[in-house]
Each structure stands twice: as structure tokens, then as C-alpha cells.
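Structure, as C-alpha cells:
The values are calculated or read from the model by the stated rules, or taken from the named source; none is laboratory data. In this text, all values refer to a predicted model and were calculated from it rather than measured experimentally. Note that each Cβ is placed from the backbone with ideal geometry, even for glycine, and that neighbours are counted across all protein chains shown. Just so you know, the surface numbers come from the protein's heavy atoms only, side chains and all, with ligands and any DNA or RNA stripped out. Shrake-Rupley method; radii C 1.70, N 1.55, O 1.52, S 1.80 Å.
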Amino acid sequence: MIIGAIETGGTKFVCGVGNEKGEILERVSFPTETPEITLAKVVEFFKDKNIERLGIGSFGPIDVNPNSKTYGYITKTPKLAWTDCDVVGYLKKYFDIPMFFDTDVNGAALGEATWGAAKGLSNCLYLTIGTGIGGGALVSGKLVHGMLHPEMGHILIKRHPEDNYEGKCPFHKDCLEGMASGPAIEGRWGVKGHELPVDHKAWDIEAYYLAQGLVNFILTLSPEKIILGGGVMKQSQLFPKIRAKVIELLKGYVQTKEILENIDDYIVYPELGDNAGLLGALALTLQ
Ligand code: ADP
Ligand code: ZN
């Protein structure tokens, strides 16, 4: 089967053609402009590819409820030109094929569970720590949706005792995203994350916040694997700090071998690399 995949991002769109084995045969990417310009480029790319299905992993918030009038829309986004944009409706005018629309992070969770770090598992969590923080979860083999879709970046957390940064989230200031996203690191220290030394105190504070997030997700979703991606996680010294903090904060309450014996293999980096977004969108079409 020839499958189309789209990763919509706030800065770039990636389109690809692949198959059910998770092979990407062709890909292009272009900057995200207005919907009119960008979606026209998407149509142009796919028009002679004979795709039989199309998966779309999108930045949000989006409407993923098939019974809703605005299913397939990007809804209330800070990227204003895209507010209330009917992405699926637009593409359906050109391609009369099944379309699968979900958050980029739900796609990433499913892609990793199909071909990557959580291969074969029915329960996993994918969290991206980049410009924002977002999470996608596979629970009992199904992606979590519900009333909207999870917005795991905006959970409330305890402040680090030595941190008086006000927080970067435009809605909540000091939620998880407000304290631990890439822009929050830059706001707190005055330089971008990649410019801070690996032994800077910033990374202990960062790990403290991310570990709190993970503890909450472990306690609510019970994932069998946690995958941490996004630009900030390129700081690989964060992994041992986060693992240690998770164990400390759980205080022995969750007695599983994943946490007590195998935490290095429980909280891990993504395995799908540069094609993660596209493979996530591809995986959405195979559910
Ligand atoms: P996006 O979230 O926009 O899709 P990224 O996941 O690359 O993109 O996240 C970008 C954010 O991650 C920026 O705030 C940037 O400063 C931060 N970032 C990117 N690379 C690194 C790095 N090596 N170390 C620390 N922070 C980084
Ligand atoms: Zn918030």
C-alpha cells in the first residue's frame, strides 16, 4: 500500500510517501506559511503519488473527535493564521481517501510503539520537550483522546526551592511547559539551552521539573516505556538526572521491575530519528 504522511509543525511541514513496513520512500519539507500557501504545496506534492491513505500528525490544539463539526481542524492556536483551519476538509477536496488526523505527539507515541523504542508495547508515553512540551500516550493499545486530547505540558508542578523564574506559559506562567520548555530555560538563564555547560545547575532544575511530570504520568497512565524527545533532550546528561529524580520522588510507591531494576531502559531517547514525525503520521493510518 502507498501511504501519505504529513508532519505539520509551527516552523515547517514535512510530507512523505511510505508503506506499511515503515519505509519512507520519498520526503520533502517546506516552511510553514499561511494555510493557503502551505496546503497548496501539500496537494502539489501528493497529487501524482497515488496514495491510498493519508496520516497527519499535527501541532495543536486540534479537533480529533470524529463526531464533531470541526473534526480535522486546527483550532485555537497561537499560530494565528492557522486558527480554525479545516486541514482534513481541505485535503479531502483533492484526495478522496481515508485520512487519519491526530496530534504530532500521539503520532510519535504510536510510531515508536510500532517501529521504535516501545516496539511491541501496548502502553507507552511520548513526551517532547522543545519550544513547548507535549505528550502522546498509548494506553491498552489505543491512543488517548477523550474530550479533546491530552495537554500534558500544562500540568501544574511544584517549584524548585532555588528557582524564582516566573514561568513562560502565556496561560499559566509556571506550569510544566512554563518552567521546563526550551524558551523557559532561555528565559531563566538568559542564554539558549545549548549554550549552557553540561554541569550547570540549570540541568538539575530542569530534571526536577521533568521528573515531576513523569511521576504524574507514571501514576495516572502507567506506561511501560517513557520516550523523551525534542530539542532540549539533546542534553543527554538530563537522562540520568531525570531517572534518579523519578525514583526519589516516587519514594518506593510503584514497585515494578521497570522502575526498580531497569530504569535506564524505561526512560529513553526516541529511536526513530529524523523520520520520527513522518513515521508517526504513517503509523496513524495503520491503527
Ligand atoms: P520544536 O519544539 O519547535 O518542534 P525542537 O524540539 O527542536 O523544536 O525544540 C526547540 C527548542 O529546543 C528551542 O527552545 C531550543 O533552544 C531547544 N534546543 C534545541 N537544541 C537544544 C540543545 N542541544 N540543548 C538544549 N536545548 C536545545
Ligand atoms: Zn501552561
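Just a few scattered comments:
- Search result, residues across the range 118-132 that are open to solvent by 10 Å² or more (accessible area, probe 1.4 Å), in contact with a Leu (Cβ under 9 Å, 6 or more places away or on another chain) and either over 15 Å from Gly230 (Cβ atoms) or not assigned by TED's automatic domain parsing to the domain that holds Lys142 (or both): Leu121, Ser122, Asn123
- Scanning the range 133-162 for residues that are more than 16 Å from ligand 1 (Cβ to nearest atom), charged (D, E, K, R) and closer than 18 Å to Ile227 by Cα gives a single hit, Lys142.
- Some residue of the range 52-73 being open to solvent by less than 50 Å² (accessible area, probe 1.4 Å), out of contact with any strand residue (DSSP E or B) (no Cβ under 9 Å at 6 or more places or on another chain) and farther than 26 Å from Ser222 by Cβ: yes
Conditions (1) modelled with pLDDT of 95 or more; (2) within 16 Å of ligand 1 (Cβ to nearest atom), marked per residue:
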{"residue": "Glu7", "(1), (2)": "yes, yes"}
{"residue": "Val14", "(1), (2)": "yes, yes"}
{"residue": "Gly18", "(1), (2)": "yes, no"}
{"residue": "Leu25", "(1), (2)": "yes, no"}
{"residue": "Val28", "(1), (2)": "yes, no"}
{"residue": "Val42", "(1), (2)": "yes, no"}
{"residue": "Glu52", "(1), (2)": "yes, no"}
{"residue": "Phe59", "(1), (2)": "no, yes"}
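Residue-wise test of (1) at pLDDT 95 or above; (2) not hydrophobic (A, V, I, L, M, F, W, C).
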position: Gly146; (1), (2): no, yes
position: Lys192; (1), (2): yes, yes
position: Val198; (1), (2): yes, no
position: Ala202; (1), (2): yes, no
position: Gln212; (1), (2): yes, yes
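- Residue within the range 145-166 that is touching a Ser or Thr at 6+ places or on another chain (Cβ under 6 Å), within 14 Å of ligand 2 (Cβ to nearest atom) and not in a strand (DSSP E or B) present: no
- Residue count, the range 74-95 (criterion: aromatic (Phe, Trp, Tyr), surrounded by 15 or more Cβ atoms within 10 Å (Cβ to Cβ) and within 19 Å of Glu33 (Cβ to Cβ)): 2
- Some residue of the range 241-262 being within 16 Å of ligand 1 (Cβ to nearest atom) and acidic (Asp, Glu): no
- Of the residues making up the range 226-255, those that are assigned to a loop (DSSP other than H, G, I, E, B) and open to solvent by less than 40 Å² (accessible area, probe 1.4 Å) number 5.
- Boolean, Ser68 is within 18 Å of Gly134 (Cβ to Cβ) and without any contact (Cβ under 8 Å) to a residue 60 or more places away in the chain: no
- Condition check for Glu195 on (1) open to solvent by less than 80 Å² (accessible area, probe 1.4 Å); (2) more than 16 Å from ligand 2 (Cβ to nearest atom); (3) not aromatic (Phe, Trp, Tyr): one failure, at (1).
- From Gly22, Gly60, residue being touching a His at 6+ places or on another chain (Cβ under 8 Å), part of a loop (DSSP other than H, G, I, E, B) and of a type in the set (Gly, Ala, Ser): Gly60
- Where Glu44 falls short, out of the listed (1) part of a helix (DSSP H, G or I); (2) touching a residue at least 60 places away in the same chain (Cβ under 8 Å): (2)
- Flag for Glu44 being open to solvent by 80 Å² or more (accessible area, probe 1.4 Å) and of a type in the set (Asp, Glu): yes
- Pairs linking a residue in the range 223-239 that is at positive phi to a residue that is open to solvent by 30 Å² or more (accessible area, probe 1.4 Å), with Cβ atoms under 6 Å and 6 or more positions apart or on different chains, are Gly230/Thr128.
- Residue count for the range 210-225, restricted to those that are closer than 13 Å to Leu125 by Cα and part of a helix (DSSP H, G or I): 9
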